[in-house]
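Input: a single structure, listed below in structure tokens.
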Amino acid sequence: AQKITQTQPGMFVQEKEAVTLDCTYDTSDQSYGLFWYKQPSSGEMIFLIYQGSYDEQNATEGRYSLNFQKARKSANLVISASQLGDSAMYFCAMREGYEAGGTSYGKLTFGQGTILTVHP
Amino acid sequence: EPEVTQTPSHQVTQMGQEVILRCVPISNHLYFYWYRQILGQKVEFLVSFYNNEISEKSEIFDDQFSVERPDGSNFTLKIRSTKLEDSAMYFCASRTPRGTQYFGPGTRLLVL
């Protein structure tokens, strides 16, 4: 079974509108973290936002917010007021097993990504 | 703002040759990672490194791969005898105490 599922291969949004990118995850761990990264066409991976499984509030970073629904195991990224520069691939990722016998590993498991295109 | 750096940005090599990919993690980070991304595919974990030893590795990270932290700043990934299927973007990452991983710009490796 996929640990991270991004069901939208591509999304289109009009400039200045908001867009939601979907991410569902599968884990039996109680402690885990969820991340979103942006990969523009130049190839680098840019950290956007992080949500810990015990965080009670949804994470926000500027125009990015994470709609965390723990019971549904979803961690959707919301981008408000889209800009042309937001056009990129977006990856959802999960870190499981943060503490394992006192040693933290922290590897990330990524979804397949969603290509976002912002139209003027 | 501190960032992870990687060199070279691009590397072209012949099949069977050894390559060393270099990374300088963020200076106060203690956990380091290598990932790879084959063109058009998702990012895959290769190996994590802490306290001068491998803490976890994936099935991709076979005997052809090795990692090293030769000094206080560099973190290297060596592929001993490259194969065509090793062509990919290789990312180094380092981690804050809270767990956020910051990625370097990547090395695009092409094996001919």
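Each reported figure results from applying straightforward, stated rules to the coordinates on display, with no laboratory input. Please read all numbers here as calculations on a predicted model, not as lab measurements. Heads up, the Cβs are rebuilt from the backbone with ideal geometry, glycines too, and the neighbour counts pull from every protein chain shown.
If you add up the charges near A:Ile4, with Lys and Arg at +1 and Asp and Glu at -1, over every other residue whose beta carbon is less than 15 angstrom from its beta carbon, what do you get? Could the numbers behind the result be given before it?
Details: positive: A:Lys3, A:Arg72, A:Lys73, A:Arg95, A:Lys107, B:Lys42; negative: A:Asp22, A:Asp26, A:Asp29, A:Glu96, B:Glu44.
Around A:Ile4, the surrounding residues sum to +1.
Candidate cross-link partners of B:Lys83 among the aspartates and glutamates, defined by an alpha-carbon separation under 12 Å and a same-chain spacing of 8 or more, comprise B:Glu18.
Note on segment A:1-66: dipole from Cβ charges, positive end direction compared against A:Phe12, A:Phe47, A:Gln30; the farthest Cα belongs to A:Phe12.
For chain A, compute the orientation-averaged projected area of the C-alpha convex hull (one quarter of its surface), in nm². Please list the in-between numbers first.
Details: hull surface 30.7 nm².
So the Cα hull casts an average projection of 7.7 nm².
Cα-based radius of gyration for the protein assembly as shown, normalised by 2.2 N^0.38 Å, reads 1.01. Rounded to the nearest 20, the size of the Cβ-charge dipole of chain A about its Cα centre is 140 debye, with Lys and Arg at +1 and Asp and Glu at -1. Think of chain B as having a plus end and a minus end, set by charges on the Cβ of Lys, Arg, Asp and Glu; of B:Thr96, B:Leu30, B:Thr82, B:Thr96 sits farthest toward the positive end of this dipole. Considering only alpha-carbon pairs that sit under 8 angstrom and 6 or more positions apart, the relative contact order computed for chain B is 38 percent.
With no solvent and one equal point scatterer placed on each C-alpha of chain B, evaluate the Debye formula and give log10 I(q)/I(0) for q = 0.17, 0.19, 0.21, 0.22 Å⁻¹, two decimals. Normalising to I(0) and taking log10 leaves -0.75, -0.94, -1.16, -1.27. Free of any GluC sites (Glu not before Pro) that DSSP assigns to a loop and that have at most 11 other C-beta atoms within 10 Å, the longest stretch within chain A is A:1-55. Taking other residues whose beta carbon is less than 12 angstrom from the beta carbon of B:Ser58, and scoring Lys, Arg as +1 and Asp, Glu as -1, yields -1. Exceedance of the 20 Å cut-off in Cα-Cα distance is limited, within the set A:Lys38/A:Lys107; A:Lys3/A:Lys70; A:Lys73/B:Lys57; A:Lys3/B:Lys78; A:Lys38/A:Lys70, to A:Lys73/B:Lys57; A:Lys3/B:Lys78; A:Lys38/A:Lys70.
Near B:Leu21, once Lys and Arg are set to +1 and Asp and Glu to -1 for all other residues with Cβ below 13 Å from its Cβ, the sum equals +2. Straight-line reach from A:Lys16: taking Cα to Cα under 20 Å and skipping same-chain neighbours fewer than 8 places apart, the aspartates and glutamates in range are A:Glu61, A:Asp86. What is the mean number of Cβ atoms from other protein chains located within 10 Å of the Cβ atom of each residue in peptide B:73-84, rounded to a whole number? Whole-number average of other-chain Cβ neighbours for B:73-84 is 0. Positive-end ranking of A:Ala81, A:Ser65, A:His119 along the dipole of chain A, with charges on Cβ about the Cα centre, is headed by A:His119. Placing unit charges on the Cβ atoms only, positive for Lys and Arg and negative for Asp and Glu, gives the protein assembly as shown a dipole magnitude near 160 debye about its Cα centre.
Relative to the Cα centre, the charge distribution of segment B:8-112, modelled as +1 at Lys and Arg Cβ and -1 at Asp and Glu Cβ, gives a dipole magnitude of about 340 debye.
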